[in-house]
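Visitor: A single structure is presented below for examination.
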Amino acid sequence: MESEKKYVIKKDAKTDVITYMEYEKLKGLSVKPKNNVSFEDMINVNEMILINPSLIEKLISKKCTKTFDRILKMISVVSDDEDDDTGYSLILDEIARFKNLLMSKYKDYMEEKEYELSLKKLKLLKEEVEHRKNALIETLEMEMTRKGKSSR
């Protein structure tokens with residue numbers, strides 16, 4: 001069975017020239033829709049490749065801002081609920097996941113200055129979370145030693 005080829009068809013409105021481009025050869029950021037929403041009389045999109053550099057930068061910047069905000073919200077929620085350190089471990093995992101995404105997927109499309117700034121922000125967040133986690137562990141250990149001494 002022959003493999004399915006995918007093309008992008010573009011029509012210039014001014015000159016009525018139709019251009020065909022092979023889908024696999026396009027260089028750009030691949031984006032998939034989050035929700036599986038389909039409407040009647042609409043085109044269903046499984047994947048979209050952005051090739052406009054300014055649009056890619058804006059999209060990545062928006063995604064990075066949302067991720068940083070989500071991590072900060074996670075830190076504030078975990079700080080309010082200080083029972084154990086599993087919340088901090090989840091935040092550290094999220095930071096590592098986002099750092100990996102930055103380094104593997106977004107680096108090619110970001111400006112060097114913005115990329116370095118994002119890595120610095122992640123490093124600071126990681127250090128802060130580790131500091132809070134260690135402080136919580138020390139506090140819990142001190143409480144355990146006090147309970148152990150008071151029970152005698």
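Values in this text are rule-based calculations from the coordinates and carry no lab data. The structure displayed is predicted, hence computed values, not measured ones. Note: ideal-geometry Cβ built from the backbone for every residue, glycine included; neighbour counts use all protein chains shown.
Visitor: How far apart, in nm, are two points set 7 Å out from the Cα along the Cα-to-Cβ line at Ala13 and at Phe68?
Guide: Reported label-point gap for Ala13 and Phe68 is 3.6 nm.
Visitor: Taking a 32 Å limit on the Cα-Cα distance, which of the listed pairs Lys121/Lys147; Lys99/Lys147; Lys14/Lys105; Lys32/Lys73; Lys14/Lys58; Lys27/Lys120 fall beyond it?
Guide: Working: Lys121/Lys147 39 Å; Lys99/Lys147 40 Å; Lys14/Lys105 36 Å; Lys32/Lys73 25 Å; Lys14/Lys58 28 Å; Lys27/Lys120 28 Å.
Beyond 32 Å: Lys121/Lys147; Lys99/Lys147; Lys14/Lys105.
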